[in-house]
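Read-outs throughout are calculated quantities, based only on the coordinates presented, and are distinct from any laboratory measurement. Here the structure is a predicted model, which is why all the values come from computation and not from measurement. In this analysis, Cβ positions are derived from the backbone assuming ideal geometry, glycine residues included, and neighbour counts consider all displayed protein chains.
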Amino acid sequence: MDWTIFTTAILKEEQMMNETTIQNKTETKTGWEDKIQRFIWFLQDKFKTIQNPGTESGVFRAMVLKEVSDHIRSWRVIILIGIIVLTSVGSLYTALSGISDAAKPGSSEDAFFFLKLFTLSDGSLPSYFVFIGFLGPLLGISLGFDAVNSEHSRGTLSRMLAQPIPRDYVINAKFVAALLVISVLFFVLSFLVIGAGLIALGIPPTPEEFLRIIFFTLLSIVYVALWLNLSVYFSVRFKQPATSALAGIAVWLFFTVFYPLIVNIVTKVLAPSQYAPVRTQYLFEKFKFAIMQVMPNELFSQATSTLLMPSVRNLGPLTMEQVQGAIPGPLPPGQSLLLVWPQLTGLIALTILCFILTYITFMRREIRSR
Amino acid sequence: MRSKIIEIKNLTKKYGDFTAVDRLSLSIGKGEIFGLLGPNGAGKSTTILMLMGLTEPSDGQVSVCGLDPVRQPIEVKKRVGYLPEDVGFYDDLTGFENLVYTAKLNGIPHREAAEKSRQLLTRVGLQEQMEKKAGKYSKGMRQRLGLADVLMKNPEVIILDEPTLGIDPSGIKEFLQLIVRLSREDGITVLFSSHHLHQVQQVCDRVGIFVEGRLLAEGNIASLASQLFSGSAFSVEARIASGDSATDSSGMSGFSPENLTGELRKIEGVENVSWNNNTVNISCSSDVTSEIARVIVSSGAGLASLNKKEYGLDDIYYRYFEGGTNDE
């Protein structure tokens, strides 16, 4: 209640300010003054929609539902889901066939059978989490690359924008819908893997394992959301869906193939000699670690491997001093999560960055018919 | 005087150095059908986008239904229906489903939306094709569906951008009649842009002529002609039977082109008289054809033919669009 009074007071004040500026506007009107003015109006509108959502939320829901049904019906998504389901079945199979060898009695890790289903591989096929790290970006790109430009080329975008909806609903709905599809898919896959594990192993997962699997699933969703946002940005930026798909794939290829190569070359050049002081070597290792962190896929693989392998106790270089006295053993889930917190924030920050970029580009765009 | 529903003052839109719309001032009354006529690239679409708040003006004020589209785009869009040029629909949905979706975007609850969509489809004559996928619609059907789509929100104003583009002639006629009927039935103000003058002439109460971002003239067809042709709305072309032979055979005297010119100029309303061999062109502000005929005959000249020419939109169009571009 207090809050509403407060905001209405602010709005009134702003309105008064606006009125005075409108009067001034005719006399002295500079470009940036005008921009600030428009920004204030925009914020006011946002305030109003937050204050009385009412029918607006119904509209947004209708848009999201339509996008979701578009996704589900499209051949593209069906094919992609097919690929992902097949690979996860494949990696599950290899994990299951190798699991009896992996479970050595007495080792500290034998308590985590279920996590092994996600990480184990006999070499013929990569493990489940590696697959998700590899195919996730592809899924994200394919869900978003034609989000806005196909609407534009079909001539539906200008019709939609002529309806009384805030413009950002269009991209928000696209994003939320794709995210919903991804979330459902990943949760279903994770639970299916757990279910298959239950049948094959005959023992239920411990709460800790379950928690770790849920964290892993959420992390994969964030990771795919990053690529989704990137490709939505490209779909706003480029008029042709083919161009935006290619741009998305180019970024993905750059980070998975070329960036590590470049890092390799750079670090080779910069590498200190074997006889350099420890401090130099330590700093060099730190630097190497830092430049690898730029890659979203590196962030993802570090975070997932930490979450799925409780025995991973640290990421990045450590000195002997730091390791001294540490007892090797699995970490509790809270500690693992703490360990990957920087990676997680990094991924979320990148996602938000892409989204903001999309937002700015789209809101300023003049939409002409076709 | 009718109340104004759209008011534009000194509206300007610049893209870099290029001025798409240059200090446009225009007002449209409630219930009027206004035609925005101009060649391609004259700035018609840009003006419409600014009216809808889909692009920001560089300068000037716009008011639609008393609202500022820059400031309250959503409120404006609740009242104004806009049919973009070459409108598109979701091809994999039926025409009916497309309309229901639009209804939902307008915040209409599901049951009501279905009811209303059915009603509107009947109104635009698409009841037979309701369950057909929009991708299979012909261009004319798509435009009708577009009209139904625009009417979904019970608009006060509808803005149609080149609505007749790509439809066959009989389709155009039907479509225009549909617009007029809907406008008259519901008292909707219609603003439509076109570069096809005949269509505009058929249905519009008032026309604005738009060239290179400027409004050259506005008004109904007759007042347009008088605005553009500086008062000479009529032109009479008279062919005189060869003057020499007339004097020789009948001995009639007193005829000379100079005299005739003088006589013609005396008629009230005649503004200019010019000769071209045996034809004389007389431009006048009112219809004085009979007077001209009398003067020519009584001057002793043989009147071979007399042609009254009224300026239609055609002449206005060609004179301004083509003349205008050649001059500059």
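Each listed q (0.13 Å⁻¹) maps to a log10 I(q)/I(0) for the stretch A:238-370 from the Debye sum over equal C-alpha point scatterers, namely -0.78.
For the residues A:V148, A:V184, A:V64, a GNM of chain A with alpha-carbon springs under 10 Å puts the largest fluctuation on A:V184. Largest first, the three principal axis extents of the alpha carbons in the stretch A:225-308 are 55, 32, 16 Å in whole numbers. The angle between the Cα long axis of helix A:31-51 and the main principal axis of chain A comes to about 70°, on a 0 to 90 degree scale. As an equivalent ellipsoid, chain B spans semi-axes of 51, 22, 16 angstrom, where each value is the square root of five times an eigenvalue of the C-alpha gyration tensor, largest first. Exposed loop sites here are GluC sites (Glu not before Pro) assigned a DSSP state other than H, G, I, E or B and surrounded by at most 15 other beta carbons within 10 Å; excluding them, the longest clear run of chain A is A:28-365. Our helix-only sum for chain A, with -39,500 (n - 2.57) per DSSP H run of n ≥ 4 divided by its residues, gives a mean residue ellipticity at 222 nm of -25500 deg cm²/dmol.
Taken over the stretch B:7-157, the convex hull of the Cα atoms encloses 127 Å³ per residue. Between the Cα long axis of helix B:139-151 and the first principal axis of chain B there is an angle of about 70°, rounded to the nearest 10. Take the Cβ atoms of B:D168 and B:Q202, set R0 to 22 Å, and the FRET efficiency comes out at 0.90. Highest GNM mean-square fluctuation among A:V236, A:V340, A:V263, for chain A modelled with Cα contacts below 10 Å: A:V263. Spin-label model, B:E263 to A:D70: label points 7 Å out along the Cα-to-beta-carbon direction sit 7.6 nm apart.
Quarter the surface of the alpha carbon convex hull of the protein assembly as shown and you get the mean projected area, 47.0 square nanometres. The angle between the Cα long axis of helix A:55-73 and the main principal axis of chain A comes to about 50°, on a 0 to 90 degree scale. The packing ranking, built from the mean of other Cβ atoms within 10 Å per residue, places the peptides A:131-142, B:280-291, B:167-178 in the order A:131-142, B:280-291, B:167-178, highest first. Between A:I78 and A:R61, the distance separating the two model label sites (each 7 Å from Cα on the Cα→Cβ line) works out to 2.9 nm. Peptide A:159-172 has a mean shielding of 6, counted as Cβ atoms of other protein chains within 10 Å of each residue's Cβ. In units of the compact-protein estimate 2.2 N^0.38 Å, the stretch A:193-267 shows a Cα radius of gyration of 1.67.
Taking every alpha-carbon pair in the stretch A:59-364 and binning the separations at 20 Å intervals from zero gives 29, 53, 17, 1 percent.
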